[in-house]
Amino acid sequence: PSIKISNPLANSLYYSEEEVLIRWNSVNVRGKKVNLYYSIDKGKRWNVIKRGASNNGAFKWDISNFDTTSIFSKIKIELSNNIRINDINKGYFTIYGKPEISLISKESKSMIEDKSTYRINWESKNIRENRINIYYSTNDGKRWNPIEIDILNKNFYDWNIPNLKTANCIFKIESVVQPEIFSISSYPINITDKPLIVIKNNFNNLEFNFSDSININWESYNLSDQYINIL
């Protein structure tokens, strides 16, 4: 008696929105049930796909919730009533987990100087070919302007801000291969080209004695020199 796996083949590629069709042949086997397993570490550890599946030579494996990409995937099938009768597929195949992109966007009242450099950060996993597009918008996403198209996904990008004057700007990151996989900023960044000083303290309704010390905090943008007057 024997079981021989015919699919998946070595070097096959499978994506999370697809099913993996597992095929096998059984010879001189009396058992009507099989157990199916997968491994993502070259067969060092096996995880259950299905126990007690019908021994009919085919099984559709749903990988839609697979969240890890593995290039060293393997399949093992064993007879349920005699696990010594089993087979492991030849070579390795690749499973691409569910793709995700999430821009890191936090609300901030700070300003960014026009024509300066701003680092865009995001988190991602399982992006096909690891290629992404980056866009910006100054009208709340009604129109997207390209920053970079088809670049390597490093989870960050240092953007040299063009001459946008004073604007609120949001970003969009998308997969090149799967443009439906994207993320948009939850909060805008505030860009200014005007000389600006913003006092960060709130002195409303505070009372001080003549001997008190006060820490005055401010942010400044686009000033023509490094000196200020405090009055």
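The values are calculated or read from the model by the stated rules, or taken from the named source; none is laboratory data. Predicted model only: the values in this text are computed from it and were never measured. Virtual Cβ from ideal backbone geometry, glycine too; neighbours counted across all protein chains shown. Keep in mind that these areas ignore ligands, DNA and RNA; they rest on the heavy atoms of the full protein, side chains included. Shrake-Rupley method; radii C 1.70, N 1.55, O 1.52, S 1.80 Å.
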With a 21 Å threshold on alpha-carbon distance, the violating pairs from K4/K74; K4/K42; K165/K200; K4/K33; K4/K90; K74/K98 are K165/K200
Per residue Cα convex hull volume in Å³ - calculated over the chain = 212 Å³
Inter-site label distance for K32 and Q226 at 7 Å from Cα along Cβ, in nm = 8.6 nm
Highest first, please rank the peptides 105-113, 197-205 by the mean number of other Cβ atoms sitting within 10 Å of their residues.
-> 105-113, 197-205
A chain fully extended from E207 to N163 at 0.36 nm per residue, minus the present Cα-Cα distance, gains in nm 11.5 nm
Leaving out ligands, DNA and RNA, what percent of the accessible area of the chain is carbon and sulfur, probe 1.4 Å?
-> 45 percent
Treating each Cα of region 1-119 as an identical point scatterer and ignoring solvent, apply the Debye formula and state log10 I(q)/I(0) at q = 0.10, 0.14, 0.22, 0.23 Å⁻¹.
-> -0.40, -0.61, -1.23, -1.31
Considering only the other residues whose Cβ falls under 13 Å of the Cβ of V177, what net charge follows from Lys and Arg at +1 and Asp and Glu at -1?
-> -3
For region 94-215, what is the convex hull volume of the alpha-carbon atoms per residue, in Å³?
-> 154 Å³
Cβ-Cβ FRET estimate between N215 and D193, R0 fixed at 25 Å, reported to 0.05 | 0.30
